[in-house]
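The values are calculated or read from the model by the stated rules, or taken from the named source; none is laboratory data. Bear in mind the structure is a predicted one, so any value in this text is a computation, not a measurement. Cβ sites come from the backbone with ideal geometry, for glycine too, and all protein chains shown count toward neighbours. When the accessible area is computed, the model is the full protein with side chains, heavy atoms only, and any ligands, DNA or RNA have been set aside. Shrake-Rupley method; radii C 1.70, N 1.55, O 1.52, S 1.80 Å.
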Amino acid sequence: MRFVFGLDGAELLPRERELFAALSPLGFLLFRRNLSSPSQVVSLIAELRGLSSPPPLLFVDQEGGTVDRIGPLLGLKFPSASLLASKGTDRVHSGAFLMGRAARLLGFDVDFAPVLDLAQPGTGAVVLEGRCFAFHPEDVTLSGTVFLHGLARAGVASCLKHFPGLGRGPVDSHLSLPVVDAHDVDLMVTDVHPFARLARSADGVMVGHAAYPGFTGETSPASLSPFFYSLLRDRLAFQGVAYTDDLTMGALGGTLPERCASAALAGADALVVAKGIEDYEESVARVAEASPAPAVTLARLDSLRARCASAPRPAFTPEAWIRLADEVTAFLDLLEKPREERAEGRFRSS
């Protein structure tokens, strides 16, 4: 099953339990509304894993900054991508590694990160405030590379987003459809460049909800357009899982079942649906009718499951959580020191 579903709250409702057991989704995406304490998260994830076979995967948006689901459970705030990048790529790596370890200790399999959008002045730097590493494609590529390494070290699968780049989007795709006014050649050497460089190193790529008339000559969202899935597969040689961004976002028109069917027909492997349980069953039926998963999609999803199952999954204990919180606190303290002082401190301790 190709769906990644969201839940209503911190506990499974009876109707959710019954529906998810019947539908056997690929996985679940948990938000802050689902996370009240470390022990509650561990229990909820264990319950979700027991609903179906094969066990569903657990997804989280853990970027740091404004998109920080796990930091509050540690009693702190993970720094944003832009702040980490301003401190150096070693800090990007360490931040990703610590976020990945926290996610894995709770039981998560996949982090929908890193963001490879460009911090375009007036658009990406505003609409995606703090979520972008930098403005220049090469700087984003470098930070993205070490972020991927940090997650991999922690045993967490990754997902680049939001392909082919939301940095030029003038509006928030949560609310309405961004239309990116740029020529395809310009987009390829700027916005698409980090994705092209890192696609073969990532476990997944998330296709965003923005229109690119310079590519397609029309204003249909990339997430529902066959052109962009072909670009990802053929030009970028991406072999992993292609996800949609959340299909309940305001950028898209039509009903949720219609959106899901359009995305599946366009070439998405996995369909992310964060809310709207009343439409889940119909959405699944509509996709099964309109676009049954091809063998290559099933193989990609099986490969993702195998990769997640093979990664070490440390046992959660309150003591381990406290130790990790102490490590993150020490890292945050280090970030506040000037670069020269940090370098001198490393020299003195060697």
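Structure above, values below:
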item	result
Condition met for ARG153 (surrounded by fewer than 18 Cβ atoms within 10 Å (Cβ to Cβ) and closer than 20 Å to ASP111 by Cβ)	yes
Residues (among the polar types (S, T, N, Q), modelled with pLDDT of 95 or more and either touching a His at 6+ places or on another chain (Cβ under 8 Å) or over 18 Å from GLY95 (Cβ atoms) (or both)) located in the range 311-350	THR317
Some residue of the range 212-227 being of a type in the set (Val, Ile, Thr) and within 16 Å of CYS159 (Cβ to Cβ)	no
Helices (runs of 4 or more DSSP H) fully within the range 1-116 counting 3 or more residues that are among the polar types (S, T, N, Q) and surrounded by fewer than 22 Cβ atoms within 10 Å (Cβ to Cβ)	38-49
Filter pass, THR219 being among the hydroxyl-bearing types (Ser, Thr, Tyr), in contact (Cβ under 8 Å) with a residue 24 or more places away in the chain and in contact with a strand residue (DSSP E or B) (Cβ under 8 Å, 6 or more places away or on another chain)	yes
Residue within the range 294-303 that is open to solvent by 50 Å² or more (accessible area, probe 1.4 Å), farther than 30 Å from LEU98 by Cα and not hydrophobic (A, V, I, L, M, F, W, C) present	yes
Criterion (within 21 Å of PRO55 (Cβ to Cβ), part of a helix (DSSP H, G or I) and free of Cβ contacts under 8 Å to residues at least 24 places away in the same chain) met by exactly one of ALA288, ALA309	ALA309
Subset tally (residues that are assigned to a helix (DSSP H, G or I) and either in contact (Cβ under 8 Å) with a residue 24 or more places away in the chain or of a type in the set (Gly, Ala, Ser) (or both)) for the range 262-285	13
Residues (of a type outside the set (Val, Ile, Thr) and open to solvent by 20 Å² or more (accessible area, probe 1.4 Å)) located in the range 117-129	ALA119, GLN120, PRO121, GLY122, ALA125, GLU129
Check on GLU47, among the charged types (D, E, K, R), in contact (Cβ under 8 Å) with a residue 12 or more places away in the chain and touching a Lys or Arg at 6+ places or on another chain (Cβ under 7 Å)	no
